[in-house]
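As structure tokens, the structure follows; a few thoughts come after it.
The values are calculated or read from the model by the stated rules, or taken from the named source; none is laboratory data. Keep in mind that this is a model prediction, so the values were computed, not measured. All Cβ positions, even for glycine, are placed from backbone atoms using ideal geometry, and neighbour counts span all protein chains on display. Keep in mind that these areas ignore ligands, DNA and RNA; they rest on the heavy atoms of the full protein, side chains included. Shrake-Rupley method; radii C 1.70, N 1.55, O 1.52, S 1.80 Å.
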Amino acid sequence: MLVLALVLALAVGGGAFAFFTVDPFHLFRPGPQAAEGLPADAVLYAGVDLDPTAVQKIDALRFLNHFPGFRDNAGVTDSNADVRRVLGTKLIDSMGCSDLDYGHDVEPWIGQRFGYALMPSTPDERHPFAVAVQVSDEDAAREAIAALESCGAGQPQPGVPQDAGVAFANGYLVLSQTQRDADAYASAAREHSLADDPKFSADVDSLGDAGVATMWVDVLALVSDLDSGSALGDVSDLTSAAQRVAATVRFGSDHVEVATSVFGDTPAVDHGDNPVVHLPDSTVFAVSESGAAERLARAWSTSIADARARNVDVDKQIADFETKSGLSLPGDLETILGHNIMVALDGEGLTADALAGGDPSSINAGARFTNDPEKLDAVYDRLLGLVDSEVDQAMPFVKKDVSDGLVIATNEGYADKLGALDGTLGESDVFRSVVDDGAGQEFVLFFDFAAIREQVISSLRESGAPAEVIDNLLPVRAFGMTGNVEGDYVHTTIRVSVDD
């Protein structure tokens, strides 16, 4: 059926790919979206909304227009453009049905919201699906579907079951593999939709503002469903740390980010302020984890118990490691992780010649360990004792003791900077373009691509990289990743910013 091909293409097939590559950049309104038209027992959901607010449209278009790949191929230059028409017309033209017109046959009834759900398997069907498409006029949709089916008769569409069925629920067209399934899913959605499910609502709400696309997975239900068909083998070791996952993609005028919330039993730790914000503002790369020692201490017993259940030799392996290394687990590992562990690379002196020169001391890089200095020194001495004395003399780093820990760096000057930790990275525009509230995050990763852009682009050109790849890398400014635990959720945000 041609209309089913159109719906699938727009929602879950080639059209969805086209949507995300041509213009995936319109933000959601707050709310449950197409989950209103899907059953509450779905184990996986993905949805898009093509009707964002004017400000969101403008911001998204501003962001995307930084990239020649979008400007040259999207065909969407006006923030008021109807993405459905742009994509729908292209899809219909590709179908070869000359009597079909998007404006006449589809536009009058098709809405702005689209969703896909993976449903629980049954004895008769493995991994059935349901697609929900918002409709503004159910009667018009029925008439159009009949006309479209007639137009597309005898023209099988890739990925579309020939006996697919259509039903309606809560203002949505519900599509599935068979008419029986479509009727059943529509009836279930009318009784209790996924949008009504408190777990789904809480998980999506935990993300904050929804973005261009939202995804939700009931991990335990999905794994159980997959395992029932022996797709995963033994999944008895699945922990409760990730019971459900929600994610969204959202845009600002100068960045794109993927935010996730994982519901589980991961406890929050008292990690204090993350010192990454006090690195020099010339920092190019940094990764910093606060509170890792406490997290390890809480997880060690459970992790070892799980390991023993899988491997009867785990205690012997730990004992062998301790004998060979002189370290004690988990105590010495907790000492290393401490209150904070941080690795950083500075931009000063970071040239292509310095990187190729073979002298580590010519670049500024190092690690800072925040914990009891005496404990850290003891672990350091034991580790150093494992190294051959000749190798020790050639070690390309210096060690510096500080009042709250220990620093290892490639040279004395940078060791002093890491020890003082009195910089203003957290206040710099480039850092803030990809990291919100760096001090309050348990985990922070930061990469200032703009600081080494010339070296990277020069290297790509010398290696013969395609011009379009280089052109679309040029606008990139920075990359950031943060992680924190709040209540029952582990929140992670990955963001890429562009020069604005």
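Counting only heavy atoms of the protein chains, get the accessible area per residue of the stretch 283-379 (1.4 Å probe) and round it to a whole Å² value.
Value for the stretch 283-379: 51 Å² per residue.
Could you sort the peptides 399-406, 340-347 by per-residue average Cβ neighbour count (10 Å cutoff), highest mean leading?
340-347, 399-406
Please turn the phi angles of the stretch 123-131 into ³J(HN,Hα) values with the Karplus equation 6.51 cos²θ - 1.76 cosθ + 1.60 (θ = phi - 60°), one per residue in order, whole Hz, x for glycine and proline.
3J(HN,Hα) across the stretch 123-131, in whole Hz: x, 9, 9, 9, 6, x, 10, 9, 10.
How far, in nm, would the chain grow between ASP381 and ARG190 when pulled straight, counting 0.36 nm per residue and subtracting the alpha carbon separation?
Between ASP381 and ARG190, full extension yields 62.0 nm more.
Grab the Cα-Cα distance for ARG71 and ARG180, subtract it from 0.36 nm times how many residues apart they are, and report the gain in nm with one decimal. Could you put the intermediate results ahead of the total?
Values: separation 109, 0.36 × 109 = 39.24 nm, distance 4.40 nm.
Fully extending the segment from ARG71 to ARG180 adds 34.8 nm.
Tally Lys and Arg at +1 and Asp and Glu at -1 over the other residues with C-beta under 13 Å from the C-beta of PHE369: what net charge comes out?
Result for the neighbourhood of PHE369: -4.
Put a dot 7 Å past each Cα toward the Cβ at ALA420 and ARG453; how far apart are the dots in nm?
The two pseudo-label positions are separated by 2.9 nm.
Picking from THR323, LEU333, THR283, whose Cα lies most toward the positive end of the charge dipole for the stretch 263-385 (charges on Cβ: Lys, Arg +1; Asp, Glu -1)?
Going by the charge dipole, the pick is THR323.
Work out from phi, with θ = phi - 60° and the Karplus expression 6.51 cos²θ - 1.76 cosθ + 1.60, the ³J(HN,Hα) of each residue of the stretch 376-386, listed in order in whole Hz, and give x for Gly and Pro.
Each residue of the stretch 376-386 in turn: 5, 4, 5, 5, 4, 5, 5, 5, 5, x, 7 Hz.
With all protein chains present, how much of the accessible area of the stretch 349-500 (probe radius 1.4 Å) comes from carbon and sulfur, to the nearest whole percent?
Percent of accessible area from carbon and sulfur atoms in the stretch 349-500: 52.
When only the heavy atoms of the protein chains count and the probe is 1.4 Å, how do MET481, MET119, MET215 rank by accessible area, highest first? Intermediate results must be reported in sequence, preceding the final value.
Working: MET481 60, MET119 0, MET215 85 Å².
Reading off the accessible areas and sorting them downward yields MET215, MET481, MET119.
Under a Cβ-Cβ cut-off of 13 Å, what is the net charge of the residues other than GLY419 that fall near it, where Lys and Arg count +1 and Asp and Glu count -1?
Numbers: positive: ARG368, LYS399, LYS400, LYS417; negative: ASP401, ASP404, GLU412, ASP416, ASP422.
That works out to -1.
Can you give the charge dipole size of the stretch 165-212 about its Cα centre, rounded to the nearest 20 debye, using +1 on the beta carbon of Lys and Arg and -1 on the beta carbon of Asp and Glu?
With Lys and Arg at +1 and Asp and Glu at -1, about 200 debye.
Considering only Cα-Cα distances, which of the following residue pairs are longer than 31 Å: LYS316/LYS399; LYS316/LYS400; LYS316/LYS375? Mind showing how you got there, number by number?
On the way: LYS316/LYS399 33 Å; LYS316/LYS400 35 Å; LYS316/LYS375 26 Å.
Exceeds cut-off: LYS316/LYS399; LYS316/LYS400.
Students often check this: by mean Cβ neighbours within 10 Å, which of 295-308, 253-266, 369-382 ranks highest, and how do the rest follow? Write down the numbers at each step before the final one.
Numbers: 295-308: 14.2, 253-266: 19.0, 369-382: 16.8.
Result, highest mean Cβ count within 10 Å first: 253-266, 369-382, 295-308.
Between GLU107 and ARG308, what's the calculated FRET efficiency when r is the beta-carbon distance and R0 is 60 Å? Round to 0.05.
Calculated value: 0.45.
Given 0.36 nm per residue, what is the gain on full extension from THR492 to ASP353 after removing their alpha carbon distance, in nm? List each step's numbers first, then the result.
Values: separation 139, 0.36 × 139 = 50.04 nm, distance 3.61 nm.
The span from THR492 to ASP353 would gain 46.4 nm if fully extended.
Whole number in Å², please: accessible area per residue of the stretch 401-486, 1.4 Å probe, ligands, DNA and RNA not counted.
46 Å²
Pop the C-beta distance of ALA297 and VAL343 into the FRET formula with R0 = 25 Å and round what comes out to the nearest 0.05.
The pair ALA297/VAL343 has a calculated efficiency of 0.70.
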